[in-house]
Amino acid sequence: MTLEEKIALLEDMLELDGGSLKPETELCNIDEYDSMAKLSLIVLMDDECGKKLTGEQIREFKTVQDILDFMD
Amino acid sequence: MDLNLLCKTYLITGAGSGIGRETSLVLAREGANVVIMDINPQGLAETASLGGDRCHPIVVDLTNETAVSEVVFQTVEKYGKLDGLVHCAGISSRKPLNVLSKNGFSKVMDVNFYSFVELVKQCAKKKHINDGASIVVMSSISSIKGYKAKTEYCVSKAAVDAFVRCMALELADRKIRINSVMAAEVLTPLALKAKEMNAAVGASDFNAPLGPSAPYEVANTIAFLLSDVTKTITGTSILIDGGACV
């Protein structure tokens, strides 16, 4: 998956317009990144990347880049 | 109160941990023969070790209909007709609307609902179960309450309770009773894992005035429902929720 595809996947999950997210975007500044979005992220990582996301890992995510790194 | 479970034979699913394990141990202490099933061989071996000679472990994937049929047949061949069934096996799910899918529903329904249907279908055959037997399934207050991101789980438990009510009527002629136990938060490994995840993402938990239940409380209620002291309780759901539904 390319960088653009990964970002598009996250934007789609958060129902954001295309181009809204940048790798350096801080998650705490995204209103849509709430508890439900975090649960969606867990499912998305499993379905799209085959990776299990733990609660501890979610706590450590600070920027979009952190999520992109996890998707690698 | 004498539950009169001595030498009776029960099948228990999800016996490798939590409520299934606790129920197996309670029934074994009461002198029943318990055929304990789980997909996890390690957990099952631990339960068998704790339960002693009365516990007979069988590793089985309940989503495999052929395997379920064989286990029921083998159990009756070896230990005689069943006096009851306890279905504790289940999986949890936390998924908001935007990630719900038919596949996801199928996975949860296969374990939480369809496996129970298949078990009851096999166990309820006249050659497999005694008249007057009792069937108990673990449900949840999620069957009657709504929770954010728990659709798959809530639907599966609501299906279980609807099935219980229908079967209560179909099996009544043979005096076979069937009931569910609606729990809220029970201190099992599965629940503790869910609690940890809820805390990490900031999602809400059960909010029971009396707090969470211990597995032995649920197991004791299951033993009560299996026993002869409750010959007319059928087609219902017993709440053990610490007051969460009040």
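Residues are listed down the side, and each one gets a yes or a no for (1) on the phi > 0 side of the Ramachandran plot; (2) outside any helix (DSSP H, G or I); (3) within 14 Å of another protein chain (Cβ to nearest Cβ); (4) loosely packed, with under 15 Cβ neighbours inside 10 Å:
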residue: A:6; (1), (2), (3), (4): no, no, no, no
residue: A:22; (1), (2), (3), (4): no, yes, no, yes
residue: A:28; (1), (2), (3), (4): no, no, yes, yes
residue: A:37; (1), (2), (3), (4): no, no, yes, no
residue: A:56; (1), (2), (3), (4): no, no, yes, yes
Restricting the search to the range A:8-20, which residues are part of a helix (DSSP H, G or I) and either within 12 Å of chain B (Cβ to nearest Cβ) or closer than 10 Å to residue A:68 by Cα (or both)?
A:9, A:10, A:12, A:13
Does residue B:169 qualify as being surrounded by fewer than 21 Cβ atoms within 10 Å (Cβ to Cβ) and within 14 Å of chain A (Cβ to nearest Cβ)?
no
When residues of the range B:200-228 are filtered for being at negative phi and touching an Asp or Glu at 6+ places or on another chain (Cβ under 8 Å), how many remain?
12
Take the residues in the range B:87-119 that are hydrophobic (A, V, I, L, M, F, W, C) and touching a His at 6+ places or on another chain (Cβ under 8 Å), then tell me which one is farthest from the other protein chains (Cβ to nearest Cβ).
B:119
Step by step: first the residues of the range B:199-209, then only those that are touching a residue at least 24 places away in the same chain (Cβ under 8 Å) and either part of a helix (DSSP H, G or I) or more than 13 Å from residue A:37 (Cα to Cα) (or both), then the one that is farthest from the other protein chains (Cβ to nearest Cβ). Which residue is that?
B:209
Is the range B:186-198 home to any residue that is surrounded by fewer than 21 Cβ atoms within 10 Å (Cβ to Cβ) and modelled with pLDDT of 95 or more?
no
Only residues in the range B:144-164 that are free of Cβ contacts under 8 Å to residues at least 40 places away in the same chain count as the first member; pair them with residues that are among the basic types (Lys, Arg), Cβ under 8 angstrom, at least 6 apart or cross-chain, and list the lot.
B:154/B:145
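Among the residues of the range B:10-29 satisfying the criterion of being over 23 Å from residue B:64 (Cα atoms) and buried (at least 20 other Cβ atoms within 10 Å of the Cβ), which is nearest to the chain's Cα centre (by Cα)?
Filtering first and then ranking leaves B:23.
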When the residues of the range A:44-54 are filtered to those that are out of contact with any Ser or Thr (no Cβ under 9 Å at 6 or more places or on another chain) and in a helix (DSSP H, G or I), which remaining residue is surrounded by the most Cβ atoms within 10 Å (Cβ to Cβ)?
A:44
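The values are calculated or read from the model by the stated rules, or taken from the named source; none is laboratory data. On a predicted model such as this, the values are computed, not experimentally measured, just so you know. Positions of Cβ are generated from backbone atoms using ideal geometry, with glycine treated the same way; all protein chains shown enter the neighbour counts.
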